[in-house]
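Asks: Mind looking over this structure? Questions follow.
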Amino acid sequence: MSKDDFNFDWLDRVDNETAQEWVYRALRFAVMSGQVQPGRALTIRGIAQMLDVSAMPVREALRRLTSEGALELKSNRRITVPDLTPAKLAELLELRIMLEVHAAERALPYVTDERLELLKELNEEQNQAFEGPDPQGIILGNQAFHRALYLAHPHPVTMPMIERVWLQLGPLHRLALANLEKHYVTDRHVEIMKAIETRNPFGLKAAIEADIRDGAGYMTQTELLERYTRDEAENLAMPGKAYMRQLAKTV
């Protein structure tokens, strides 16, 4: 088993990056991009072997992700991706809408023509991922689009809060893609860019909320929340499944 079993695109370890930062960044990426399924247990040994590091930086990375709500420490000392109840999922989605509508509205006055062109390029890249189909590309493309918009603000203080919500929702993103075509019938990113072009804050806020609800709002259905406990979840096309099986091995 090697890193080739997991998509580490743009995650190569950078110069002067500590082992602790590298492990944290890699695991955070795995959770946020939906490559770690709810209920899965992670082991220090499995992660250390996968990333070719010692146990110490893995422990610290897991501690940080647990404090951010991305992982959960069980009473038996096992670390897992938290299960999501319908009530918790609904709360996270409403929080995401509140934060991202605020971030978009604040960023709007700072979106230059160059930034708008970047948004168009990122949207086109995500469209190509849909045609792939490339599940990971869809998830990361959506995050890149929203991040590029919110970071237009010179002081994007809400961005860390938004990413923390993304972390907690990440494990279900791939399951949501299974039925996305039924629920995401309008390209809300186009609506977002149109609102930016016309400097329409009300249209922008409406498009941001619709984008989130269309893409993930239906996940509050109990059927989808139960899906990952059935064999059907194992049959979804998910890059990195072999990687997750390795991380889930017991010590």
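Asks: Would you please name the residue that is nearest to PRO154 (Cα to Cα), looking only at residues in segment 69-108 that are open to solvent by 20 Å² or more (accessible area, probe 1.4 Å) and among the acidic types (Asp, Glu)?
Replies: GLU105
Asks: Taking segment 109-126 on its own, how many of its residues are open to solvent by 30 Å² or more (accessible area, probe 1.4 Å) and either in contact (Cβ under 8 Å) with a residue 40 or more places away in the chain or under 20 Å from LEU172 (Cα atoms) (or both)?
Replies: Total satisfying the criteria: 3.
Asks: Quick one: which residue in ILE79, ILE138 is in contact with a helix residue (DSSP H, G or I) (Cβ under 6 Å, 6 or more places away or on another chain), of a type in the set (A, V, I, L, M) and closer than 15 Å to GLY215 by Cα? So that I can check it myself, show each step before the final result.
Replies: Values: ILE79 fails: closer than 15 Å to GLY215 by Cα.
None of the others qualify; the one that does is ILE138.
Asks: Pairs needed: first member in segment 176-198, closer than 21 Å to GLU114 by Cα and modelled with pLDDT of 95 or more; second member anywhere, acidic (Asp, Glu) and assigned to a helix (DSSP H, G or I); C-beta distance under 7 Å; at least 6 residues apart or different chains.
Replies: Close Cβ pairs satisfying both conditions: ILE192/ASP211.
Asks: Applying the selection to segment 27-36, what residues are farther than 8 Å from ALA61 by Cβ and free of Cβ contacts under 8 Å to residues at least 60 places away in the same chain?
Replies: Selection gives PHE29 alone.
The values are calculated or read from the model by the stated rules, or taken from the named source; none is laboratory data. Here the structure is a predicted model, which is why all the values come from computation and not from measurement. All Cβ positions, even for glycine, are placed from backbone atoms using ideal geometry, and neighbour counts span all protein chains on display. Only protein heavy atoms, including side chains, enter the accessible area calculation; ligands, DNA and RNA are left aside. Shrake-Rupley method; radii C 1.70, N 1.55, O 1.52, S 1.80 Å.
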